[in-house]
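Bear in mind these aren't lab numbers, they're just calculated from the coordinates by the rules spelled out. Note that the coordinates shown come from a computational prediction; the quantities given were computed from them, not determined experimentally. Glycine also receives a Cβ, built like all others from the backbone with ideal geometry; neighbour counts cover every protein chain displayed.
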Amino acid sequence: MDDANEPRITLHPHSRRVRVVIDGTVLADTTRAIELRERGYPPRQYLPRDDVRMDLLTPSDTVTHCPFKGDASYFSFGEHQDEAWSYDRPIEGMEAIEGRVAFYAGCHMAET
């Protein structure tokens, strides 16, 4: 299969249960995730903010730029710095992930 003809990023909405648990605390629980697959990176689950315990996350000063998604702002949880991120104004074609939150660790899909 020739990956060069495949899009760099593909979005896959799904209804599988996704939970984020860090240090025993449930930070998110949803059946409305979008799996973002980007060539060269592990798949990431982008979760609706309504299903994320935003009250437990602290905005950080970190901002990064991805030429394929836009500018990401980051969130910390306790001692876990920049553990989650979100694209508040993604570039054209990535609007589906706008305002959703992704996590580096603790994100697991339930086996159903």
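Charges at C-beta only: +1 for Lys and Arg, -1 for Asp and Glu. How large is the resulting dipole of region 3-109 about its Cα centre, in Debye rounded to 20? Could the numbers behind the result be given before it?
Values: 13 positive and 18 negative charges, 81 e Å.
Dipole about the Cα centre, nearest 20: 400 debye.
Let me have the relative contact order for the chain, percent, based on Cα pairs under 8 Å that are six or more residues apart. Don't skip to the end; give the middle numbers.
Working: 226 pairs, mean separation 26.6, N = 112.
Once divided by the residue count of the chain, the mean separation gives 24 percent.
Rg to Rh for the chain: what is it, with Cα atoms only and Rh by Kirkwood? Could you put the intermediate results ahead of the total?
Working: Rg = 14.0 Å, Rh = 14.5 Å.
Ratio of gyration radius to Kirkwood radius: 0.96.
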